[in-house]
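*Asks:* Submitted below is the structure of interest, expressed as structure tokens.
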Amino acid sequence: MADAWKEAMELAEKTARRAGEVVCAALQVERSVMTKSCSVDLVTQTDQQVEQLIIQSVRDKFPMHRFIGEESVAAGEPCVLSDEPTWIIDPIDGTTNFVHAFPFVAISIGFSVNKQMEFGVVFSCLEDKMYTARRGGGAFCNGERLQVSSQEDIQQAMVCTEFGSSRDPEVVEKIFCSLRAVLSIPTHGVRGAGTAAINMCLVASGCVEAYYEIGIHVWDIAAGALLVTEAGGVLMDVQGGPVDLMSRRVLAANSPALAERLLQEIHSFCPIRDDAAPSL
Ligand SMILES: O=P(O)(O)OC[C@@]1(O)O[C@H](CO)[C@@H](O)[C@@H]1O
Ligand SMILES: [Mg+2]
Ligand SMILES: [Mg+2]
């Protein structure tokens with residue numbers, strides 16, 4: 001049976017690669033750094049330029065499709081996931097890495113229909129790694145099939161998480177309490193690429209057994225979520241139960257058992273949802 005979204009997925013890969021060229025070129029020149037929600041929540045003109053490049057490329061081919069783009073939302077566009085075909089875009093995941101030329105920077109493009117992810121594309125442009133997943137079609141990196149780790153023992157697991165961009169003392173305390181608890185299980189180690197999208201690709205690749213974070217946004221994880229499940233992994237909320245892409249909480253793991261063990265150590269909290277009505 002023909003794949004209704006084959007052309008769209010091909011466009012996503014082609015556009016992610018073009019966007020990666022823009023990001024790599026921008027790394028060679030001075031970068032204009034601005035801030036959003038706080039002094040450490042960074043954005044650059046390149047983020048905005050890349051998002052517009054992706055949206056325009058899609059609009060030219062699919063004028064009726066909808067968008068949830070990180071920088072469009074920051075500029076006041078609604079963050080609403082409907083049943084309509086919707087492109088969920090993080091033009092640069094790892095902007096802080098990009099500003100510091102820390103070599104993990106990704107373009108993340110997820111595609112949803114009827115609130116179900118149909119494909120995900122994450123281009124780690126400094127590594128030249130194109131991660132792709134099609135619902136029911138598997139997950140790949142540069143054409144090589146991905147499979148999550150088969151490690152079942154949490155005490156032999158590597159876990160990814162991030163410190164995030166909140167510097168609220170209560171949030172920082174919870175992040176460090178979770179970090180201490182996960183490390184003290186003990187696990188082999190905790191790592192963070194500085195981008196949720198690449199952290200989820202590392203789970204899908206079997207390089208780490210799990211990734212959790214509270215504070216991410218739907219555009220950080222939409223594409224990576226499908227990569228994880230198509231590579232045989234699982235997604236959960238950090239307190240168990242099904243993942244909610246708008247909740248700003250995610251736990252991705254190689255197996256339900258390891259996820260259930262890990263969530264016992266996470267000190268959770270509830271950020272304002274991505275789809276929450278804007279405060280007056
Ligand atoms: O604003 P960006 O760069 O699109 O994304 C923010 C982000 O990189 O920061 C977190 C790490 O603190 C990641 O989980 C998340 O992907
Ligand atoms: Mg991001
Ligand atoms: Mg971003």
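*Asks:* Under a GNM of the chain (C-alpha, springs under 10 Å), which listed residue has the highest mean-square fluctuation: T35, T15, T195?
*Replies:* Taking springs between Cα atoms under 10 Å, the residue moving most is T35.
*Asks:* With a ≥ b ≥ c the root eigenvalues of the C-alpha gyration tensor of segment 38-148, is it rounded (a/c under 1.5), prolate (a/b larger than b/c) or oblate?
*Replies:* oblate
*Asks:* Let me ask another. If you average the alpha carbon positions of segment 167-186 and of segment 1-62, how far apart do those two centres end up, in angstrom?
*Replies:* If you average the Cα positions of each part, the centres end up 32 Å apart.
*Asks:* Kindly write out, for segment 268-277 in residue order, the coupling ³J(HN,Hα) from the Karplus curve 6.51 cos²θ - 1.76 cosθ + 1.60 (θ = phi - 60°), rounded to whole Hz, with x marking Gly and Pro.
*Replies:* Along segment 268-277, the couplings run 8, 8, 10, x, 4, 4, 4, 9, 5, 4 Hz.
*Asks:* Taking only protein heavy atoms into account and a 1.4 Å probe, give the accessible area per residue of the chain in Å².
*Replies:* Averaged over the residues of the chain, the accessible area is 45 Å².
*Asks:* Tell me, what is the percent relative contact order of the chain, built from C-alpha pairs under 8 Å that lie six or more residues apart?
*Replies:* 16 percent
*Asks:* With all protein chains present, how much of the accessible area of the chain (probe radius 1.4 Å) comes from carbon and sulfur, to the nearest whole percent?
*Replies:* 52 percent
*Asks:* Further question on the same structure: Can you tell me how segment 79-142 classifies by the Cα gyration tensor, rounded, prolate or oblate, using a/c under 1.5 as the rounded cut?
*Replies:* The shape class here is oblate.
*Asks:* Within segment 51-83, list the GluC sites (Glu not before Pro) lying in a DSSP loop whose Cβ has at most 16 other Cβ atoms in a 10 Å radius.
*Replies:* Counting only loop positions with at most 16 other Cβ atoms within 10 Å, none of the GluC sites (Glu not before Pro) in segment 51-83 qualifies.
*Asks:* Then there is this: What does the helix-only formula give at 222 nm for the chain: each DSSP H stretch with n ≥ 4 adding -39500 (n - 2.57), the total divided by the residues, and the result rounded to the nearest 500 deg cm²/dmol?
*Replies:* -10500 deg cm²/dmol, from helical runs alone.
*Asks:* Compute the distance in nm between two label points, each set 7 Å from the Cα along the Cα-to-Cβ direction, one at F62 and one at R273.
*Replies:* 2.4 nm
*Asks:* Further question: Rounded, prolate or oblate: which fits segment 211-280, taking a ≥ b ≥ c as square roots of the Cα gyration tensor eigenvalues, rounded meaning a/c under 1.5, else prolate when a/b beats b/c?
*Replies:* Cα axes put segment 211-280 in the oblate bin.
*Asks:* Okay, next question. Running a GNM on the chain with Cα contacts under 10 Å, which residue among D90, D237, D168 ends up with the highest mean-square fluctuation?
*Replies:* Between D90, D237, D168, it is D168 that shows the largest mean-square fluctuation.
*Asks:* I'd like the distance between the alpha-carbon centres of segment 133-148 and segment 76-118, rounded to an integer number of Å.
*Replies:* Each part reduced to its Cα centre gives a spacing of 19 Å.
*Asks:* Could I ask something else about it? I272: accessible area at probe 1.4 Å, nearest 10 Å²?
*Replies:* Its heavy atoms expose roughly 130 Å² to the probe.
*Asks:* D93's amide H: which non-local residues (gap 5+, or another chain) put their own amide H closer than 5 Å, with H modeled 1.01 Å from N in plane and none for Pro or chain starts?
*Replies:* A106, I107, S108
The values are calculated or read from the model by the stated rules, or taken from the named source; none is laboratory data. The structure displayed is predicted, hence computed values, not measured ones. Please note: Cβ atoms are built from the backbone with ideal geometry, for glycine as well, and neighbour counts cover all protein chains shown. Please note that ligands, DNA and RNA were not included when accessible areas were found on the heavy atoms of the full protein model with its side chains. Shrake-Rupley method; radii C 1.70, N 1.55, O 1.52, S 1.80 Å.
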